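Right, one structure below, let's go through it.
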Amino acid sequence: MRVYLGLAAKQPGAGIPEAMLHTVRGAIDSAFPVPPEVIRSREWHRPGITMFAWTNEPDDSRQPPLLETGHDRVTGVNGYLAAPGDVNRLAAMPTLDTEAVGGCFSAFRATEDELSAATAIHRVCPVYYAETPDVHVIGSRALLVHLAGGGERVEWDVLALQSMVRQGYFLSDETPYRGVSALPPSSSVTVRGGHRTITTTPLPAAVPAPESRRRKKLLVGELAEALLATVEPLRAAGEPVNLALTGGRDSRLIAAVLHAAGIPLRATTNGLDTHPDVIIAGRIARALRVEHTVIPPSRAEKKDAIVVEHPLARAYETLRACEGMTSAYESIVGYLPYSARPTMSGQSGEILRAGGLLLLQTDLSEKALRRRVDVTFLRDPALFTEEANEHARELAGPWLERAPLEALDHMYISYKVGRWHAGARAGSLRRGDQIWPFLDNRVVRAALGLDQTWRLSEEVIYELLGVLAPSLRDIPIEGKPWRFTAGKRYYPWQRRPQVLTAPKTGGGGWNWRTSPGAELTGLMRDHVLGRLDLLAPIVRPDEVRKLFAEPVLKKPNQAWHLYTVATMLGGEYPGKEPEGLPRVHIPIPS
């Protein structure tokens with residue numbers, strides 16, 4: 001994981017105050033969610049311009065380097081480039097622009113008289129910006145950008161947190177920190193001569209669905225080429241890629257990409273031998289002639305309860321890793337020492353299927369799609385104050401004016417990927433920088449250029465398999481059939497795609513976070529209700545009390561979101577990690 005922070009004086013000829021430099025150096029331990037002893041740093045200073053960089057990478061072997069230094073400039077890449085040498089392209093650009101560069105990254109650059117940063121098309125490697133009376137601040141961690149201002153305590157943007165309580169992530173460019181904003185997708189922020197400018201390139205408009213077989217082949221071929229380019233850095237890994245393989249669509253496509261590119265891989269699947277994921281993954285591995293390891297779930301004596309960490313300990317670690325951008329309802333990957341071992345999964349494959357917001361829809365009428373946009377921003381309005389609801393309506397307004405198919409597609413990229421995934425991903429980045437083909441800058445750009453209904457049909461992924469690894473198209477998929485096959489007529493000589501479905505069992509879907517039991521409910525109730533005065537600007541106290549009125553929560557997701565925000569506003573984060581908290585027993589339903 002890499003962290004960047006740049007400072008630029010507002011007044012020509014003015015320097016960066018030494019006190020601010022001292023503040024930044026001291027704040028990194030709070031803002032970088034790894035043990036302080038593993039952090040390495042570099043600094044670059046010129047009159048009025050400073051660039052800081054930190055990493056928990058154990059050495060300088062990873063390319064591009066933490067700071068690529070030229071005679072008059074320095075460039076840093078947060079994330080990875082499909083071609084590490086492209087850092088020189090970024091360094092030489094008159095205006096920092098990521099459009100033609102492959103990888104999953106954001107870029108930071110400082111010269112003798114300019115500070116700039118740029119996001120990729122999905123901003124999953126975020127850029128945050130703020131200003132003080134004397135200095136512009138740009139960085140990759142929002143808390144660090146906020147603390148660089150030198151305030152004695154964190155100032156929260158309470159109204160912005162209404163989105164966190166509704167959805168568990170941000171549906172805007174806001175952050176929890178007053179005065180700190182997230183740079184939009186495909187954007188650059190530049191400070192020159194003391195003035196800040198922001199330039200944004202609109203997300204691509206989709207072309208109409210192809211009507212001819214030739215046109216389909218051309219578009220799918222271009223997307224396949226973009227996917228193949230994403231795995232080029234893995235040729236230097238020195239060992240096979242470990243792929244988390246299931247019976248679904250997305251990890252199968254990753255296997256096909258690695259196979260077509262000639263990148264050695266081995267597959268790992270979690271589950272019992274009788275589960276469709278294990279059965280199908282085994283067939284995929286045999287078709288590609290790769291090693292397949294099955295990790296069965298641990299079995300213990302039958303018990304009537306599980307023991308989990310105290311919710312405050314969970315919330316603190318989530319806030320520390322994700323900076324208040326992700327609810328403690330989510331399970332964030334815990335810290336482990338940085339490793340360069342190549343691992344991959346099918347995460348974020350929904351981008352090639354028009355995004356998770358559209359995949360939730362069965363009714364694609366314009367009225368239903370507009371309702372989905374509205375509900376996404378204005379969920380549970382009765383729980384919130386009128387001021388919070390009005391703020392949500394203002395955020396929804398520009399999206400409701402757009403064609404709803406494109407709006408939901410771009411909302412998924414801008415917020416579900418660019419805000420939720422960007423926050424949650426910080427946990428795993430501490431362990432190493434994985435290659436994410438579906439989040440590659442050029443892959444996402446190519447995908448967004450394809451008709452939403454065509455991507456939603458899943459025919460695009462099916463055709464990609466035909467280009468990259470044809471034998472995988474005939475292997476069954478787990479769960480529901482390919483969407484484009486619904487109602488399709490098959491002739492006797494045609495092969496119908498097969499499906500395997502896991503048998504439903506009584507306790508198979510049980511999740512302690514959504515079935516918290518009375519003890520955990522009580523802890524969460526006391527914590528939230530004890531901070532109702534802090535939450536009152538965005539939620540109605542009586543409605544919050546109703547939410548916690550029953551012995552066991554009926555809306556646990558909402559309660560976790562409230563608990564997370566209450567922990568922020570209550571001052572438990574940032575600060576010292578809570579100690580001595582008892583673990584919690586949660587009954588397992590019979």
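Measuring with a 1.4 angstrom probe and ignoring ligands and nucleic acids, L359 comes out at about 40 Å² accessible.
Between R215 and E152, the contour length at 0.36 nm per residue exceeds the alpha carbon distance by 16.7 nm. Accessible surface for L534 stands near 70 Å², nearest 10, in the context of the full protein assembly shown (1.4 Å probe). Report the paramagnetic label zone for K555: residues of the stretch 358-391 whose backbone N is under 15 Å from a point 7 Å from Cα along the Cα-to-Cβ axis. Residues 375-386, 388-389 qualify, since their backbone N sits under 15 Å from the label point. Stretching the chain fully between E18 and A92 yields a gain of 23.7 nm (0.36 nm per residue, less the alpha carbon separation). When the residues R89, R166, R214 are ordered by accessible surface, computed with a 1.4 Å probe over the protein chains alone, the sequence from largest down reads R214, R89, R166. Note that the stretch 398-406 has calculated 3J(HN,Hα) couplings of x, 6, 5, 7, 9, 4, x, 4, 5 Hz, one per residue in order, obtained from phi through the Karplus relation 6.51 cos²θ - 1.76 cosθ + 1.60 (θ = phi - 60°); glycine and proline are x.
Structure note, pairs K416/K555; K367/K555; K367/K416: Cα-Cα distances above 24 angstrom occur for K367/K555.
For the stretch 177-217, evaluate the Debye formula with one uniform point scatterer on each Cα (no solvent term) and list log10 I(q)/I(0) at q = 0.14, 0.28, 0.33 Å⁻¹, rounded to two decimals. After summing over all Cα pairs, the log10 values are -0.56, -1.00, -1.10. Report summary: the helix-based calculation at 222 nm, which adds -39500 (n - 2.57) for every DSSP H run with n ≥ 4 and divides by the residues of the chain, gives -9500 deg cm²/dmol. Here the chain has 51 percent of its accessible surface on carbon and sulfur atoms, given a 1.4 Å probe and all protein chains in place.
The candidates E458, E309, arranged from most to least accessible area with a 1.4 Å probe in the full protein assembly, appear as E309, E458. Cut-off 17 Å, label point 7 angstrom out along Cα-to-Cβ of T69: give me the residues of the stretch 109-125 whose amide nitrogen falls inside. The answer is 109-113, whose backbone nitrogens lie closer than 17 Å to the label point. Here the stretch 357-487 is treated as an ellipsoid with the same Cα gyration tensor; its semi-axes, largest first and in whole Å, are 31, 21, 14.
Counting only protein heavy atoms and a 1.4 Å probe, the chain has 43 square angstrom of accessible area per residue. Compactness of the chain, taken as the C-alpha radius of gyration over 2.2 N^0.38 Å, stands at 0.98.
For the stretch 3-19 and the stretch 160-199, what is the separation of their Cα centres, given in Å? Spelled out, the Cα-based centre of one part sits 20 Å from the other. The Cα atoms of the stretch 1-74 cover 38, 29, 12 Å along the three principal axes, with the biggest extent listed first.
Rounded to the nearest 0.05, the FRET efficiency derived from the C-beta distance between K367 and L532 at R0 = 25 Å is 0.10. With R₀ fixed at 35 Å, the C-beta to C-beta distance from D59 to R379 puts the FRET efficiency at about 0.15. The fraction of all Cα pairs in the stretch 268-354 landing in successive 5 Å bins from 0 to the largest distance is 3, 9, 12, 13, 17, 19, 15, 9, 3, 0, given as whole percents.
The values are calculated or read from the model by the stated rules, or taken from the named source; none is laboratory data. Since the structure is predicted, the reported quantities are computational estimates derived from the model, not experimental observations. Virtual Cβ from ideal backbone geometry, glycine too; neighbours counted across all protein chains shown. These accessible areas exclude ligands, DNA and RNA; they are computed on the full protein's heavy atoms, side chains included. Shrake-Rupley method; radii C 1.70, N 1.55, O 1.52, S 1.80 Å.
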